[in-house]
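The values are calculated or read from the model by the stated rules, or taken from the named source; none is laboratory data. Predicted, not measured: the structure shown is a model, and the values here were computed from it. In this analysis, Cβ positions are derived from the backbone assuming ideal geometry, glycine residues included, and neighbour counts consider all displayed protein chains. Remember, those area values only see protein heavy atoms, side chains included, never the ligands or the DNA or RNA. Shrake-Rupley method; radii C 1.70, N 1.55, O 1.52, S 1.80 Å.
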Amino acid sequence: MIFETVAQLKLATLTAGQLVSTKGYYASGDGGAADYIVAATQAVDGYGDHALAGGTVALLQAGSLANVKQYGAKGDGVADDTAAIQSALNNSAVLHIPNSQYKVSSLLNITSSIEIRMDKETVIDGTSIPASVSLGDSPILNCRGSINTADLLTASALEGTSDFTVASAASYSIGDTVLVRSNAYYSTGVTTGSNKQGWITRIQNIVANTITLDVKAYAPLLTGDSASIAKINPISIDISGGKILGNGVGYGHSGIKLAYSVNSKIENVLVDGCEDVGIELGYTINSNVVNADISNCTSSATLGNTGYGVVFANGAEGCSVTESRFKNCRHSVSGGGIIPARYITVDNNVLTDGGRGTNDLDCHEPCFYWTISNNRIVNGEGTSGGMVVRGKDVKVIGNTIVCKDKSNVGIKVTSFIADTNKQTNIYIANNTIEGCSAGIILDTTLTLIEGVTIEGNTITNSSYNAIFVTDTKKLKIDNNRIDGTSDNAGTSGSLIRLVATTLGDIADVSICGNILTNGIQGLVRFGSVKGITINSNSMSNSSDTEGCIYVDAASEDIVACSNEFKDAYGFIQGPVLNAVISNNKGLINQPSGTTDFVRLYTSGGTSVINGNIVTGAYRKGVYVTDHERCIVTSNIFIDAENGTPIDFGTAVVTVNANNLI
């Protein structure tokens, strides 16, 4: 039996077991055509299933692909479709939302796994949702699994262990997803803040009341810190296509929020005007955002600092955002939260005019084991920079950062909270950074940094120092191309600038194989450094009296070998204890002034200056004072007739041998 509409169906007297159909929901051909089976009286919601006049009910038979219009959604942009869409979400495994504009006036809750397929021009219009009262309370699509009450550990678990013991493991099964956490801070060096230790993983085995997890403990979990384990009842969400609209500034809306989710995917979705968050993945593992378009996540002045395009929050792990586009977001991509986000990939995205008053890509709280690669970031006016890295074991590879505002920073490594532990294992490689105040900054204001590699980057037209580093150990700056700084006010303008608080706070440094051109106040400038190797660099056009290498505070154990330089005021000068300057070759092209090839002064120590070929030292080729020992051998000084080739000053022990002048 076939009916024109649902209204006509509801007037019918039918018997249980009959199969019937409609040609539409409100009108024939409106997209709501459906099949039903008639059943005995039972409760129905009146959207997909309907009570009939004869006392029976018609139960929707949506098959493998349900359609929101079969649940009464009009999609005319005027009628409130909230209840109809919610009914469809509650009763479908796979749901189609066809081309139309669907007005919703409250959030849509998704509490079970579902696949949502939206056509390209489908619009979920959340502009009628009331403004948020607090952060995060107005997501348009609220996708949330659940979590059971936590069980306290009965014995402390050390870092690196996989075994956790509880009073009873009866409620757990192999393969369960669990949240492990404690009240300890995320780092043993942190003593304040809300960021605690924890992660999400799965159960590999259970023996008696000992639970073995498939991820070894990232940190100790102590009973004294209320360490616990809780079973997550996760959902898996697959959303593709369509547009989700919030009401913009002042409303604090969010687009899509996932919590307690696994193996989810959000693809080909456009989110606009969601001031709080475009897409959030929290307490979520192995989930991805692909080919999304997200704009105008600008943060709410009344609710707090959010404004995230995509955020990986609260233990997100093994997740990614790829091939997506962001515009005018406070942070296009961010992460962290109550517990760290780990193993996140941010790859091949385009970020435009973001970083409203801050940085565009900002790992807000601790982010561990992130890979940020092949993104293009174009900053607008009024931003602080391209990206901030807060955490450890982070790779920043192959990104392009263009700063329209000369006050911006390309890549900044720093900490969010004071931490007496070190920020370690940072790899910054093959990025292109143009027009920023500084290309790369390592900022140790809140924590020390150790184990950083900066290699293969191209940094051009910086207005400050191209690479600026404070208290960092085990630092490699190799094989970069750095061209041009323009601001010589104060101590700025060097291509590579290292500033240590006290002697040795910067140590074990390699600056090798770089191409350094057009710097001010020294192409390489440093102070209070202990142990630095400057080898095989090409240096040119140092346009101030500091020359190629300028040491501005007493430093020790300097090696500078096999460099080539030209058009410089000098090669190296400053207070250095123990130096080896060998096999360098270059041109000092200044017709006057106090220009020397080597000018070193300190009390004690040994300098070895060997095998260099230098053209045009105006004042002196080698000039040292207050040395204990100075050895100058096998050097060639060309066109140095206006100056003194070698001046040992007050050095106690000197060797002058086999030099050609």
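The figures follow:
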item: Count of residues meeting criterion [assigned to a strand (DSSP E or B), modelled with pLDDT of 95 or more and buried (at least 24 other Cβ atoms within 10 Å of the Cβ)] in the range 577-604; result: 2
item: Single residue of the range 240-264 satisfying the filter (of a type in the set (Ser, Thr, Tyr) and modelled with pLDDT of 95 or more) that is farthest from the chain's Cα centre (by Cα); result: SER240
item: THR192 being open to solvent by 30 Å² or more (accessible area, probe 1.4 Å), farther than 22 Å from ILE285 by Cβ and within 24 Å of the chain's Cα centre (by Cα); result: yes
item: The range 359-385, subset under 20 Å from LEU446 (Cα atoms) and in a strand (DSSP E or B), residue modelled with the lowest pLDDT; result: GLY385
item: Pairs with Cβ under 8 Å, 6+ apart, first in the range 167-183 and on the phi > 0 side of the Ramachandran plot, second among the small types (Gly, Ala, Ser) and open to solvent by less than 70 Å² (accessible area, probe 1.4 Å); result: none
item: Criterion: outside any strand (DSSP E or B), open to solvent by 30 Å² or more (accessible area, probe 1.4 Å) and touching a residue at least 24 places away in the same chain (Cβ under 8 Å) - qualifying residue of ASN461, ASN421; result: ASN421
item: THR501 being within 22 Å of ASP419 (Cβ to Cβ), in contact with a strand residue (DSSP E or B) (Cβ under 8 Å, 6 or more places away or on another chain), among the β-branched types (Val, Ile, Thr) and surrounded by fewer than 18 Cβ atoms within 10 Å (Cβ to Cβ); result: yes
item: Lone unmet requirement of (1) open to solvent by less than 20 Å² (accessible area, probe 1.4 Å); (2) part of a loop (DSSP other than H, G, I, E, B); (3) not hydrophobic (A, V, I, L, M, F, W, C) for THR650; result: (1)
item: Complete set of residues in the range 432-446 that are over 18 Å from the mean Cα position of the chain (by Cα) and either assigned to a strand (DSSP E or B) or within 11 Å of GLY385 (Cβ to Cβ) (or both); result: GLU434, CYS436, SER437, ALA438
item: Subset of the range 22-38 that is touching a Ser or Thr at 6+ places or on another chain (Cβ under 9 Å) and part of a strand (DSSP E or B) - its residue that is most open to solvent (accessible area, probe 1.4 Å); result: ASP35
item: Residues of the range 150-180 satisfying the condition of being open to solvent by less than 40 Å² (accessible area, probe 1.4 Å), under 15 Å from ASN209 (Cβ atoms) and part of a strand (DSSP E or B); result: LEU153, ALA157, PHE164, VAL166, VAL178
